[in-house]
Structures are given as structure tokens and as C-alpha cells.
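*Asks:* One structure, pasted below without further comment.
FYI, it's all coordinate maths here, none of it is from the lab. Remember, predicted model here, so these are calculated numbers, not experimental data. Methodologically, a virtual Cβ is constructed for each residue, glycine included, from the backbone with ideal geometry; neighbour enumeration extends over all protein chains shown.
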Amino acid sequence: MTLDNTNNTVTEQSTEQSNGWSIARILRQDFLPVLTDLRLAIALLLIIALFSITGTVIEQGQSLDFYQANYPEHPALFGFLSWKVILTLGLDHVYRTWWFLALLIFFGTSLTACTFTRQLPALKAARRWKFYDQPRQFTKLALSAELDNGSVDSLKQILKNRSYKVFQETDKTNILYARKGIIGRIGPIIVHIGIVVILLGSIWGAMTGFMAQEMVASGNTFQVKNIIDAGPWAATRIPKDWSVRVNRFWIDYTPSGSIDQFYSDLSVLNNQNQEVDHKKIFVNQPLRYRGVTFYQTDWGIAAVRVRVNQSPVFQIPMALLNTNGNSRIWGTWIPTKPDLSEGVSLLAKDLQGTVLIYDAAGQLFNTLRTGMSTQINGVKLTVLDVVGSTGLQIKADPGIPIVYTGFALLMLGVVMSYFSHSQIWALQIDGRLYVGGKTNRAQVAFEQEMLGILDSLSQEQTNEEKVIATS
């Protein structure tokens, strides 16, 4: 009975081991060739590029109302692209969808497998030299020549002058192997590493980065809270121990009245409300602090500061009015009686200080500039200031340094790949010199180089013969 149990255990172990070998053999023989196929890598790259373009064209991280307004179902864009399709497929946050990240991982896996199964063995083979000791071996080379004069020693010096690395065995001085441009074999490996690093940086940024938008009035302090898009691991990146104060927001206008540039003067404050960083930002000149970047992207009117008769100064919020996309106008209502039974409407379209005052009947009553007053409904209304608000887009992408590193490696690998890996063999036997070579690129240039080497070899041999004859 014990023997039977032992036999069963051995049989089960053998079966499990056999199954393991079968799976490994299937992966190696069936799956690995597909994974390392160049056509698959190109197809994956094109698909990734297509969805990246989609993420650029379709606005990312917007609200539901935005997509419903800009991508209606009837009529749908291109007949199928509606807000429901966008939200269902995750096209409103393409770079963080599971299927896009899966494409990046699959593409990176394909490149990594190709590097280990093809590029590294090719480099290893290129570093391994093999001497040709039979004349018939030279007939298999792309370029070969048979000379009735010349020597291996003369050829050796010529090749060294042309930056070739020469190999010879101490006991076989009639045989020579030389090569140059081994860096060209390393280039494709660096290219693959660079692309994989870029993919890793993209994935890391998608998982840990976030984007927020804030509209902050001049003089206010805020913390980043209005998150519109964030990765699943972004919580630790959102600043909680420091805040930002908008010291001032202003707009420079051209003589014609159009906007020239808008600016925000920002201060970064620690928990003790002490300034730890300060910068005036404008378009394309953001503030960067602890991996978080503040971009100047929008502006608005936050409030108007007024005084009624001799009252204290009131700061009354202003709201953006719906003009069906014709222009941007902000408005508010200002009471002129304590019981709020009467009031006036006040409108402004920019921060140049001009406001329009309408009465209860909706008729334009007066036009004022900041600092001016008017009598209406039996009171003196003074407009002191129009308070602007800055629109900030706030981003954190920890993957950017990794992506930049990957691009640097990619460019380095591309440059290295332009170097040709050239190989030359030589054999001196029975009074004849056999020379042959091959290269992996720039065939015409290599042919010209080979002709130059043979010409130099013939010229050197001629000079030696003249010296002998003179002697």
C-alpha cells in the first residue's frame, strides 16, 4: 500500500513537471514569436498613436454638461460620436483608461521581449569574432578580393588608421579579423530601452498625477481642491501642507481695447502662513513648486466694490451671464434700500473699470468708471473697484522626468544606430592575400571604403617593391 502511494506521488510530480514544460514550450515556441513580431509592435504603436490623437482632439476631464452640449446624440459627430459614446469608452480621460494602459504595457512587453530575444543576441554575436582560415569562406562575403601581393601586416596598419579594431591570434599571424561601429549594434537596444522608459513614465504619470482648476479672486488664498482628473494613486501628490495666495490679478490691454496679456502675482504659503515662494505668472510662464505647476489659463470678474451713501464698502459677487456665446459679461444686483425692495443691476465686461448701471425697468441708467458716483433711487452709489479673478490650471505629473529621460535615451539610440557595423577578414596563404568584408548598412560607402583599403594596400606594396629594388 505504501509503495502504491509513493508511485502515485512520483507520477503526479512527473505529470506536473511535464505540464510545466509543456506550458513553457508553448510560450517559447508559439507566443514568444508573435510577441516579438515587428508587425505587432508597429500595429500597437499605430493604435496607441490613434488614441493619443483622440485624447488630444476630445477635451479631457470636462463635466457631463460640457460633453452633452458639445457632443449631442442628434446629430452625433461623424454619425456615431456622442457624449454617451465618449463617457462609455472613457474618451474623456483616455490616458487613464484601463485599455490604454494595457496597450502601453503590451507594447512595452513586446519591445522588452524583442530586446532580449533578438537585439541582445545580435550584439553578443557581433562582439564575438571568428577567423576565416579557408579561401572558400571569402566567397560567401558580400565583398571579397584575392590579391597576388600584399601582406596581413600591411593590412593591419591600414585598418588601424581607419579606426578598425584588429584581432589576431599570436600563433596565426597570417589571419586577421577587424571590425568597427559596434556602437551601431548597441543603438537599437538603447532605442528600445528609451521607448520602454517613456512608457513607464507615461503609466506612472497617469497613475499618480492629477489636474485641477481654480478660479480665485485677487487677495484670496486657496488650497488645491477642485480636482477634475486624477490617477488612483494621486492622493499623496495633492498639496495639503501649503497654500497659494493670489496677491493681485490684472490685465494689460492694447490701445484698441483687446487683451494683450493677463497676469497673476502668486505667493506660496506654508502652514504658518509664511511665504516660501513667489512669482508673477502669465501665459507660458507658470509657477512650479514641489512638483505642482500652476498655469495662467483664464480670467473673470469676481466682484464689485461699492458704497451706498456713507455706508461701509460692500464687496458684492458678480456672476457670468449667459449670452449664448456672443460675449462674456458679468452682472450683479445692488440693493438701494435697506429692505431690498429696490435695486439696480450692474454689468461689466472687462477689468478696464467701466460698468453699466440699469434701473428696475431694465433701461440703461448710467455708465460709470471706478471711483465715480451717480444718484439713483434717492441714494448716492459709488463704484470703487471691479475685482478680477484668475483662472488657474494646476497639474502634477511625476512621470514627466521619466518621460524626458526616455526621450533622451531614444534620441541617443537613434544617433548611435546610424553607425555602420563593418567587419573585415583577411587570410594570407600560399603567397596570396584574401580580403573580404560586410556591413549592416551604408553598403555603397562600405564598398568605397573597401576599394580605398585595397588601393592603399597595393600602393604600400608598390612602395615596398621600389625600396627593395633600390637596395
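*Asks:* Give me the tail of P(r) for segment 153-287 as a percent: Cα-Cα pairs with distance above 24 Å.
*Replies:* Details: 5658 of 9045 pairs.
Summing the P(r) of segment 153-287 above 24 Å gives 63 percent of all pairs.
*Asks:* Suppose every K and R has +1 on its Cβ and every D and E has -1 on its Cβ; what is the size of the dipole of the chain about the Cα centre, in Debye to the nearest 20?
*Replies:* On the way: 41 positive and 37 negative charges, 119 e Å.
My answer is approximately 580 debye.
*Asks:* Would you calculate, for the chain, the mean residue ellipticity at 222 nm contributed by helices, counting each DSSP H stretch of 4 or more residues as -39,500 (n - 2.57) and dividing by all residues, to the nearest 500?
*Replies:* Working: 11 runs with 170 residues, N = 471.
That calculation yields -12000 deg cm²/dmol at 222 nm.
*Asks:* Let me ask you something else. How much FRET efficiency would the formula 1/(1 + (r/R0)^6) give for GLU275 and LEU340, where r is the Cβ-Cβ distance and R0 is 56 Å, rounded to 0.05? List each step's numbers first, then the result.
*Replies:* Working: r = 41 Å, r/R0 = 0.73.
Taking R0 as 56 Å, the efficiency between GLU275 and LEU340 is 0.85.
*Asks:* In the chain, which whole DSSP H runs stretch at least 30 Å along their own axis (Cα) and average 0.5 or higher on the Kyte-Doolittle scale? Each step should come with its number before you reach the end.
*Replies:* Numbers: long enough: 2-26 (36 Å, -0.98); 183-208 (36 Å, 1.78); 443-470 (40 Å, -0.31).
Those that pass (Cα extent of 30 Å or more, hydropathy at least 0.5) are 183-208.
*Asks:* To continue, here is another question. Using mean Cβ contacts within 10 Å as the protection proxy, how do 354-366, 258-270 order, highest first? Working shown, then result.
*Replies:* Working: 354-366: 14.2, 258-270: 16.5.
Packing proxy ranking, top to bottom: 258-270, 354-366.
*Asks:* Specify which residue in the list PHE80, VAL152, GLY437 is farthest towards the positive end of the charge dipole of the chain, using unit charges on the beta carbon of Lys, Arg (+1) and Asp, Glu (-1), about the Cα centre.
*Replies:* VAL152
*Asks:* Debye sum, Cα scatterers, segment 31-136, no solvent: what log₁₀ I/I(0) at q = 0.16 1/Å?
*Replies:* -0.81
*Asks:* Using bins 5 angstrom wide from zero, how does P(r) for segment 210-396 break down, in % of all Cα pairs?
*Replies:* 1, 7, 14, 17, 16, 13, 11, 9, 6, 3, 1, 0
*Asks:* Skipping prolines and chain starts, which residues have an amide H placed within reach, meaning under 5 Å, of the one on GLN261, given they are 5 or more residues away or on another chain?
*Replies:* Distant-sequence amide H within range of GLN261: ASP252.
*Asks:* Grab the eigenvalues of the alpha-carbon gyration tensor for segment 279-365, scale each by 5, take roots, and send me the semi-axes largest first in whole angstrom.
*Replies:* They are 33, 17, 10 Å, listed largest first.
*Asks:* About the Cα centre of segment 34-147, what is the dipole size in debye to 20, counting +1 per Lys and Arg Cβ and -1 per Asp and Glu Cβ, all else neutral?
*Replies:* On the way: 10 positive and 7 negative charges, 193 e Å.
Dipole of segment 34-147, to the nearest 20 debye: 920 debye.
*Asks:* Please state, as a whole number in µm²/s, the translational diffusion coefficient that the Stokes-Einstein equation yields for the chain at 20 °C and 1.002 mPa s, with Rh defined as the Kirkwood radius across alpha carbon pairs. Each step should come with its number before you reach the end.
*Replies:* Details: Rh = 30.4 Å.
Rounded to a whole number, D works out at 70 µm²/s.
*Asks:* Work from the charge dipole of segment 210-396 (Cβ charges, +1 for Lys and Arg, -1 for Asp and Glu, about the Cα centre) and give the residue of ASN220, PRO317, TYR358 farthest towards its positive end.
*Replies:* Of ASN220, PRO317, TYR358, it is ASN220.
*Asks:* How big is the dipole moment of segment 210-396 about its Cα centre under a simple scheme where the beta carbon of each Lys and Arg is +1, that of each Asp and Glu is -1, and everything else is neutral? Debye, nearest 20, please.
*Replies:* Values: 17 positive and 14 negative charges, 61 e Å.
The dipole of segment 210-396 has a size of about 300 debye.
*Asks:* For the chain, build the charge dipole from Cβ charges (+1 Lys, Arg; -1 Asp, Glu) around the Cα centre, then report which of GLY61, GLY371, ALA142 sits farthest towards its positive end.
*Replies:* ALA142
*Asks:* Still on this structure, please answer the following. Can you tell me which of 397-403, 447-453 comes out highest on packing, and rank the rest after it, using the mean Cβ neighbours within 10 Å? If you can, show how the numbers build up before the last one.
*Replies:* Values: 397-403: 18.3, 447-453: 16.0.
Taking the mean over residues of other Cβ atoms within 10 Å, the ranking is 397-403, 447-453.
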